[in-house]
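Encoded as structure tokens, the structure appears first; notes follow it.
The values are calculated or read from the model by the stated rules, or taken from the named source; none is laboratory data. Just so we're clear, the structure is a prediction, and the values are computed from it rather than from any experiment. A quick note on method: Cβ atoms are made from the backbone with ideal geometry, for glycine too, and the neighbour counts reach across all protein chains shown.
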Amino acid sequence: MLSESSSFLKGMMLGSIFCALITMLGHIRIGHGDRRHQHKHHHLQAPNKEDILKISEDERMELSKSFRVYCIILVKPKDVSLWAAVRETWTKHCDKAEFFSSENVKVFESVNMETDDMWLMMRKAYKYAFDKYRDQYNWFFLARPTMFAIMENLKYFLLKKDPSQPFYLGHTIKSGDLEYVSVEGGIVLSIESMKRLNSLLGIPEKCPEQGGMIWKISEDKQLAVCLKYAGVFAENAEDSEGKDVFNTKSVGLFIKEAMSNHPNLVVEGCCSDMAVTFNGLTPNQMHVMMYGVYRLRAFGHIFHDALVFLPPNGSDND
Amino acid sequence: MASKSWLNFLTFLCGSAIGFVLCSQLFSILLGEQGDTQPDILHNDPHARHADDNGQNHLEGQMNFNADSSQHKDENTDIAENLYQKVKILCWVMTGPQNLEKKAKHVKATWAQRCNKVLFMSSEEDKDFPAVGLKTREGRDQLYWKTIKAFQYVHDHYLEDADWFMKADDDTYVILENLRWLLSKYNPEEPIYFGRRFKPYVKQGYMSGGAGYVLSKEALKRFVDAFKTDKCTHSSSIEDLALGRCMEIINVEAGDSRDTIGKETFHPFVPEHHLIRGYLPRTFWYWNYNYYPPVEGPGCCSDLAVSFHYVDPTTMYELEYIVYHLRPYGYLYRYQPALPENIRKEVILLRFNPRSVHKRSANS
């Protein structure tokens, strides 16, 4: 009895040590590479206001139409109420929006991915979008169904960015040596990045379907690894004041956190005026945001913008 | 002998497997990122009138969105500024000693700054906040008495400082520019008042207390006079109804506050309650109270909404951000109402003075 329990304990210890070693090795190996490349955090800035004022009226219309954004929303049957809200709200402002579902759902149209693994869904969705729409859209935006996105602000942000360059934008997170765009803030890829991504999707050594040695790596990290092989690097999107425009949280959560971290202080406003995304919304909150963003405003505040966007046809909530 | 060592070996393997799994779990927790947290949905019971705050929504600190005025460099606020000068509004906020820090503070940090003059009315004076002491008691049955005393105070001290006099609660959010747009078509020397019009009990209707209501200068004069001459009663436990009854007696007209396409501007609840179909149950009192046909869904609310009620501190700042900061770049809003006639003439003059384009707003 004693010898068994001791051998059990020895086994446990050995198992834990083995596991710890593997984790450490994984991190250290990457760590060495870090020092050599001097990896910097990229900041993309929204365009300068003075430059914009020099553009003429006709050029503004032309310019606005030159951004063609295709929206990919990955959903599962359990997301059906969020899906409904997203369909009825902000996706009406995408040039085209398609829902990629893990399985067919009777209520709504979607492209069936026939898998519920998020990374596989993402790969298939990107491949589908690229194969079908490469000539019609120049920017590809991937979102979660808990997100609210403002397409007009996305296009403003992309002003002066050439889609034939490899852009990979959003809210970035650094994990060891890897800098990746968090799916929780939304992922933007230019057509060039899509091209490069799609050329690698078929190569399992570079872009495996089952990444991660021992446990699963999240789909946004897998995407980053894959894109890195193609020379596409993640860049954090910020406005001219340095505030994030892709947000992984909702406005309410930002406010609650800011206040609880600094009681008795007057804190600076939480979020960018030109925010593109917020996440963690309920279906009701999506409808409220739709009203709040596209309708509710204070009379007598006028803006002279470089772009012009018309409300979509056949819509009553914007 | 052999079976014993075999058993030992097996237990060893078991142990190592379990150790490995436990350790990997531990690491994934340590290295994992935080998941989304779902924000709280505020379930205000529509029947509750200012239920005691259980501390859950208590926000410490304040947020100042105006700190980032540099994001507004390309904003032209000439028309808003013009209206600020032309349509002077004095706001008074109904509050109490226990609510100064919990609620009134956030009103002060947000929309109150846009009134031409703002006063916080409490039962007792607070020199630091500052709050006016009405020398009443606190409590729901005191609301009407506080209202009368508050209007009296405003009349005695600030009558000539404003054209319109707005009453709001410390959980009302008001968009002053939209109120000025609404009132700009009217003459403050007329006896008229505006708010969210309810139909029961009073022939011409009466205005919901929580959604806020605004009296013209003439209406204020008549209201204060009505108590001196006993035309109106002092006692009532239902503030808004009592005020509405009094208004009818003294011939102050209950105005139509809807926008030019018939959408309501004063709201007795937060946007969510009005925008979501089915949020307010069909049996709810609201459906029978509204003077004009009530609407749920996107038609509920004007783009130029004036007020919302039952707004907790977090929602105050959210509304502040959504109305005054976040916007869809380059978007041409569907509803483009005309400028009031008198303002339109001035704007044409302004066009010849391009220097005004980059001026910072005086009140932001």
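A few comments on the model shown:
- Verdict on residue A:107 being in a loop (DSSP other than H, G, I, E, B) and either over 29 Å from residue A:226 (Cα atoms) or aromatic (Phe, Trp, Tyr) (or both): yes
- Of the residues in region B:280-296, none is polar (S, T, N, Q) and touching a His at 6+ places or on another chain (Cβ under 8 Å).
- For residue A:258, the criteria (1) out of contact with any strand residue (DSSP E or B) (no Cβ under 6 Å at 6 or more places or on another chain); (2) facing chain B (nearest Cβ under 8 Å); (3) surrounded by 15 or more Cβ atoms within 10 Å (Cβ to Cβ) hold in every case but one, which is (1).
- Each residue in region B:242-285 was checked for being small (Gly, Ala, Ser) and within 13 Å of chain A (Cβ to nearest Cβ), and 1 of them qualify.
Matching residues to (1) in contact with a strand residue (DSSP E or B) (Cβ under 8 Å, 6 or more places away or on another chain); (2) under 13 Å from residue A:235 (Cα atoms); (3) not in a strand (DSSP E or B); (4) not polar (S, T, N, Q):
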site: A:164; (1), (2), (3), (4): yes, no, yes, no
site: A:193; (1), (2), (3), (4): yes, yes, yes, no
site: A:198; (1), (2), (3), (4): no, no, yes, no
site: A:207; (1), (2), (3), (4): no, no, yes, yes
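- Scanning region A:283-299 for residues that are out of contact with any Phe, Trp or Tyr (no Cβ under 6 Å at 6 or more places or on another chain), more than 7 Å from chain B (Cβ to nearest Cβ) and crowded, with 21+ Cβ neighbours inside 10 Å yields A:285, A:290.
- Qualifying residue in region B:149-157 (condition: in a helix (DSSP H, G or I), within 30 Å of residue B:339 (Cβ to Cβ), among the aromatic types (Phe, Trp, Tyr) and away from chain A (no Cβ under 14 Å)): no
- Listed by first and then second residue, the pairs linking a residue in region B:77-103 that is free of Cβ contacts under 8 Å to residues at least 40 places away in the same chain and over 18 Å from residue B:342 (Cβ atoms) to a residue that is of a type in the set (A, V, I, L, M, F, W, C) and not in a loop (DSSP other than H, G, I, E, B), with Cβ atoms under 7 Å apart and 6 or more places separating them unless they lie on different chains, are B:100/B:131.
- Filter result for the condition that a residue is assigned to a helix (DSSP H, G or I) and closer than 24 Å to residue A:221 by Cα, over A:155, A:174, A:132, A:127: A:127
- Checked against (1) in contact with a Pro (Cβ under 8 Å, 6 or more places away or on another chain); (2) modelled with pLDDT of 95 or more; (3) part of a loop (DSSP other than H, G, I, E, B); (4) farther than 21 Å from residue B:248 by Cα, residue B:128 passes all but condition (1).
- When region B:233-249 is filtered for residues that are buried (at least 18 other Cβ atoms within 10 Å of the Cβ) and part of a loop (DSSP other than H, G, I, E, B), only B:236 remains.
- Flag if residue A:234 is of a type in the set (Gly, Ala, Ser), more than 8 Å from every other protein chain (Cβ to nearest Cβ), touching a His at 6+ places or on another chain (Cβ under 8 Å) and crowded, with 18+ Cβ neighbours inside 10 Å: yes
Residue-by-condition table, conditions (1) in contact (Cβ under 8 Å) with a residue 24 or more places away in the chain; (2) within 14 Å of residue A:100 (Cβ to Cβ):
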| site | (1), (2) |
| --- | --- |
| A:138 | yes, no |
| A:142 | yes, yes |
| A:146 | yes, no |
| A:151 | yes, no |
| A:168 | yes, no |
| A:202 | no, no |
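- Matching entry among A:228, A:249, A:243 (being surrounded by 15 or more Cβ atoms within 10 Å (Cβ to Cβ), modelled with pLDDT of 90 or more and within 10 Å of another protein chain (Cβ to nearest Cβ)): A:249
- Figure legend. Inter-residue proximity from region B:130-151: first residues free of Cβ contacts under 8 Å to residues at least 12 places away in the same chain, second residues among the hydroxyl-bearing types (Ser, Thr, Tyr), beta-carbon distance below 8 Å, spacing 6+ or different chains. Indicated pairs: B:133/B:122; B:133/B:123.
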